[in-house]
Every structure is written in structure tokens, then in C-alpha cells.
Amino acid sequence: MSRARLPTCRPRAIGSRSTATAATFLERSPTARTYLEDAYRNLQVARTNGYPSSDVADLSSKVLGDLDIYYHVNVIVPQVVLSFGTDELGAVVLGPDGAAYVVDQTDDSVYRVDLVTRAKRQVAVKGEQPNGGGTVPRPCC
């Protein structure tokens, strides 16, 4: 069974210029979204119809990269900032002071984590009243 070659024509500005120029084109062009979504769908059809992934991998990578630019996608790589020993964390929220507040289910505590210095400080423990009354005082730092 013979297979037709994958078409390689694409709008010239997409993927052929510097990242900054491509980003500007993608953000300003009313047709960029249509071209990119059509290219993505056609690559999916090629995979479904048995084209080897090696034939479509490079084009898929370029199309997905351009879609990321168009939709302003930022890839975030998770990293360990601080270990809590058992790491049975129930919740994490970003506080109004810019610090992370972490619920450690192992010892039923809430820790304040300074994201710059990576220092952690226990600010509340289940079952204990704070010194100043019935509410936990706002962290000082």
C-alpha cells in the first residue's frame, strides 16, 4: 500500500521566523488560529490513518509550539521547594502575604512557607488555641 507524502506547506510566517516574530504574527493574525487548528487536526488524521509517528513528530512539535504561543501557554516544571518529611499534604494555598500555607495531615498543622527563603514555620496546630485568643494572628513576615 503506497502512502502519499505528507504535505509540508504551511503559512510562511508560522514556524519559519524567530520566536519573537512568530509570536507577534500569531498574536495579531486573525487566521493563525484557523491554520494551526487545521494543521493539528490533519496531523491527528495522519496518525489515525497509519502514518508513522516519525513522519509527523517534527510537524506536530512545531504546530503544538505555535499553538502554545497563540494561546499564551507557559509550561511550568514542578520542583521540590521544601520537604515535609512524610509529605502527606492536604492543601496548599497562596496567602495574601505571598507565602504558601500548607496543611500537613501527618501532624494536623498549618505551616507558613516563605517561597523566597524556603523557610517553614508552624503557625497553627489542630486542637490548640492561639495565644492571643480565638483566632490565629496574621503572620508577621
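Bear in mind that the values in this text are calculations on the coordinates, not laboratory data. Worth saying up front: this structure is predicted, and the values here are computed from it rather than measured. We place every Cβ from the backbone using ideal geometry, glycine too, and count neighbours over all the protein chains shown.
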Per-residue Cβ contact counts at 10 Å, fewest first, order Y51, Y111 as Y51, Y111
Listed by chain and number, the residues whose amide H is under 5 Å from that of V123, excluding neighbours fewer than 5 places away on the same chain and using placed H, are V110, Y111, R112
Using the beta-carbon distance between E128 and V80 and R0 = 30 Å, what value does 1/(1 + (r/R0)^6) give for FRET efficiency, to the nearest 0.05?
0.55
